[in-house]
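Novice: Quick one: this structure, given as structure tokens, is what I'll be asking you about.
The values are calculated or read from the model by the stated rules, or taken from the named source; none is laboratory data. This is a predicted model, so every value here is computed, not measured. All Cβ positions, even for glycine, are placed from backbone atoms using ideal geometry, and neighbour counts span all protein chains on display.
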Amino acid sequence: MIRSPICSVLGHVDHGKSSILDSIRGSCVVKGEAGMITQAIGASIIPLDTIKQRCGKLLESMNMKFTIPGLLFIDTPGHAAFTSLRKRGGALADIAIVVIDINEGFKPQTIEAIEILRSNKTPFIIAANKIDLIHGWKSSDGSVLKNIQQQSPDVLTKVEQKLYELVGRLHEKFSMNTERFDRVEDFTKQVAIVPCSAKTGEGIPELIMVVAGLAQRFLEKCLDCNVEGPAKGSIMEVKEEKGLGKTIDVIVYDGTLRINDTIVIGGINEPIVTKVRALFEPMPLAEMREKKAKFRSVKEVRAATGVKISAPDVDKAVAGMPLIAVRTNEDIDKAKEEVQSEIAEVIIETDAEGIVIKADNIGSLEALIKLLREKNITIRNASIGNISKKDLADAESNFDKDPLQSVILGFNVIIPDDVPVPKKVKILTNDVIYRIIEDYEKWKTEAAKNIEAIQLDLLTRPCKIQLLTGYVFRQNNPAIVGVEVLGGKLKTGMSIMDAEGNEITEVKTIQLEKENVSEAAKGKQVAVSFPGVTVGRQIKEGDVLYSAIPETEFRKIKELKKYLTPDEIAVIKEIAVIKRKENVVWGI
């Protein structure tokens, strides 16, 4: 039997995800027949007959025989809903709508939504919302295409311009071929854009029509399910309900779930085995996002639908975990193995080395892993829940091998107050996956620069000095001479060579305006003490001397050349010329 396709709605905050859902729901409520739309926990079930009544000639124009029973829209909009709901092989949603404010265009969560959908290979269409806010737009009844054509020439130009800005950005960012839905030539190669307004209802019938048509044409085989068999589902939310205690809101995508059924739920450490005490559906047309929503008890539910389950021992259940109902005791062990193997697809130590990542639910974790893998970022450990002492210890242990991997990325998680954070561990958290990865890459670039700069400071830096005439303060033991730094930076402890490449002394102390300093930059005139040499013998007034850079250090400095100043680069070239008089391959 074919079940209803499950459709999720994603998009940037304030672009109209909730309004689109409300408009879809409202547009499908036929006057005098309010009961034709069924409210499930966290979902709205719209039967095919209602869709046909609402879309009318639009569906007829598709010349398609519909076998899907209707559409099930997930009512909890946004990434949380999409990423937390999954089944074996990927996201639970069969198809999705990405809502974009046609006036604002792309935002970070828009990009993230499309990245997540593409990584899960979930087909989607784009709702270009808020056309009614285009300056000069006049709303009217009828199809959105007819309404567009009835606008004034300047408004029509604005509409086309904004649509093709979306088309251009989608191609630029994702190499995607997109087009207005009525201009699409091949739905397998082009993503449809439906201009609409959740506020006025314009374009909403067209949106429903395209979703239904795509689901029927391309998803029919995927929607085949065994309605009479034991239920399979995914936990959407874990809630505390007055009089019931902890309950779980579940989307059932296969089979039938009944009171007294044994259910096996995937767990972080081990599966949860419990029995359904009660099943609840909301009252007809109740708004499920309201805290005071009223429920009615039912004896069973069939896929695809949403339901609230009251059962013992669900306190440790986590959003996104798989659920399987079993009818016999013999099936319990098999179900345990199945749910845990599904979790193992995500919660694994993916690489021998890498960063640590955390997320609030299994779907979000999976989305984060996929996006990191696409960027070739290795992951040592990935798990659900807030950041723990073990996570910090795992990240800290990376520091000695690679400080850039001493990192924890957290999506929708916190660091408990009683968990001390080591200085060696960098923690980056955000409620937008796209932002976490962006922040990590930015931090990694800066940290790499700092690490390389530190490595360079440990080497003998290029330096060129000249002994000033008339400024010999002591001839020897040690010799103290006035010098000018011609290039690079002079440092205490630095070995010094003459213009022939012979190492002759080192910098013992540096004085600037009678104060001891550890270094002196280009252009400074300072007094320097040189042990082991005598002025007039090994060194003379007016001599030009250089830092004596060991050949191994010279090679490392070349690798870090981008951190040298222009005058340091000039000095190091002079040093190479001097050293290669004796050995032509020195430093190569």
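Novice: Limited to the stretch 223-247, what total is found for residues that are assigned to a loop (DSSP other than H, G, I, E, B) and in contact (Cβ under 8 Å) with a residue 40 or more places away in the chain?
Specialist: 5
Novice: Could I ask something else about it? Which of (1) more than 18 Å from residue 368 (Cα to Cα); (2) surrounded by fewer than 20 Cβ atoms within 10 Å (Cβ to Cβ) is the odd one out, the single condition residue 392 does not satisfy?
Specialist: (2)
Novice: Give the residues of the stretch 293-325 that are within 22 Å of residue 336 (Cα to Cα) and either free of Cβ contacts under 8 Å to residues at least 24 places away in the same chain or polar (S, T, N, Q) (or both), sorted by residue number.
Specialist: Hit for the stretch 293-325 is 310, nothing else.
Novice: Next up: From the list 519, 500, 574, 506, pick out the single residue that is surrounded by 14 or more Cβ atoms within 10 Å (Cβ to Cβ), touching a residue at least 40 places away in the same chain (Cβ under 8 Å) and in the same structural domain as residue 467 (by TED's automatic domain parsing).
Specialist: The conditions single out 574.
Novice: Determine, yes or no, whether residue 119 is of a type outside the set (A, V, I, L, M, F, W, C) and in contact (Cβ under 8 Å) with a residue 40 or more places away in the chain.
Specialist: yes
Novice: I would also like to ask the following. Six or more apart or on different chains, Cβ atoms under 6 Å: show the pairs whose first residue is in the stretch 248-273 and within 16 Å of residue 230 (Cβ to Cβ) and whose second is crowded, with 23+ Cβ neighbours inside 10 Å and hydroxyl-bearing (Ser, Thr, Tyr).
Specialist: Pairs that qualify, where the first residue is within 16 Å of residue 230 (Cβ to Cβ) and the partner is crowded, with 23+ Cβ neighbours inside 10 Å and hydroxyl-bearing (Ser, Thr, Tyr), are 251/234; 252/305.
Novice: Sticking with this one: Being among the polar types (S, T, N, Q) and without any contact (Cβ under 8 Å) to a residue 40 or more places away in the chain is the filter; apply it to the stretch 155-197 and report the residue that is surrounded by the most Cβ atoms within 10 Å (Cβ to Cβ).
Specialist: Checking each candidate, the answer is 190.
Novice: Still on this structure, please answer the following. Give the residues of the stretch 412-425 that are of a type in the set (Lys, Arg) and in contact (Cβ under 8 Å) with a residue 24 or more places away in the chain, sorted by residue number.
Specialist: Answer for the stretch 412-425, where residues must be of a type in the set (Lys, Arg) and in contact (Cβ under 8 Å) with a residue 24 or more places away in the chain: just 424.
Novice: If you go through the stretch 536-546 one residue at a time, do you hit one that is modelled with pLDDT under 95, under 55 Å from the mean Cα position of the chain (by Cα) and loosely packed, with under 13 Cβ neighbours inside 10 Å?
Specialist: No, there is no match, as no residue in the stretch 536-546 is modelled with pLDDT under 95, under 55 Å from the mean Cα position of the chain (by Cα) and loosely packed, with under 13 Cβ neighbours inside 10 Å.
Novice: Among the numbered criteria (1) under 13 Å from the mean Cα position of the chain (by Cα); (2) free of Cβ contacts under 8 Å to residues at least 40 places away in the same chain, which one does residue 377 miss?
Specialist: (2)
Novice: Within the stretch 1-20, how many residues are more than 8 Å from residue 99 (Cβ to Cβ) and part of a strand (DSSP E or B)?
Specialist: 4
Novice: On the given criteria, is residue 553 charged (D, E, K, R), more than 19 Å from residue 466 (Cβ to Cβ) and at pLDDT below 95?
Specialist: Answer is yes for this residue.
Novice: Residues that are touching a Lys or Arg at 6+ places or on another chain (Cβ under 6 Å), under 24 Å from residue 18 (Cα atoms) and modelled with pLDDT of 90 or more: list the strands (runs of 3 or more DSSP E) wholly contained in the stretch 112-220 that include at least 1 such residues.
Specialist: 191-195
Novice: Scanning the stretch 323-353 for residues that are at pLDDT below 75 and more than 27 Å from residue 247 (Cβ to Cβ), which turns out surrounded by the most Cβ atoms within 10 Å (Cβ to Cβ)?
Specialist: The qualifying residue surrounded by the most Cβ atoms within 10 Å (Cβ to Cβ) is 350.
Novice: Out of all the residues in the stretch 482-499, which are polar (S, T, N, Q) and part of a strand (DSSP E or B)?
Specialist: 495
Novice: Test residue 269 against the criterion of being surrounded by fewer than 23 Cβ atoms within 10 Å (Cβ to Cβ) and under 30 Å from residue 334 (Cα atoms), and give yes or no.
Specialist: The answer is yes for residue 269.
Novice: Within the stretch 506-531, how many residues turn out to be farther than 14 Å from residue 486 by Cα and of a type in the set (Lys, Arg)?
Specialist: Counting residues in the stretch 506-531 that are farther than 14 Å from residue 486 by Cα and of a type in the set (Lys, Arg) gives 2.
Novice: Does residue 429 qualify as being closer than 22 Å to residue 561 by Cα and modelled with pLDDT of 90 or more?
Specialist: No, not satisfied.
Novice: Could you please find all residues in the stretch 483-531 being among the basic types (Lys, Arg) and within 52 Å of the chain's Cα centre (by Cα)?
Specialist: 489, 491, 522, 524
Novice: Just to be sure I understand, how many residues within the stretch 439-474 are touching a residue at least 12 places away in the same chain (Cβ under 8 Å) and either surrounded by 15 or more Cβ atoms within 10 Å (Cβ to Cβ) or among the acidic types (Asp, Glu) (or both)?
Specialist: Going through the stretch 439-474 one residue at a time, the tally reaches 17.
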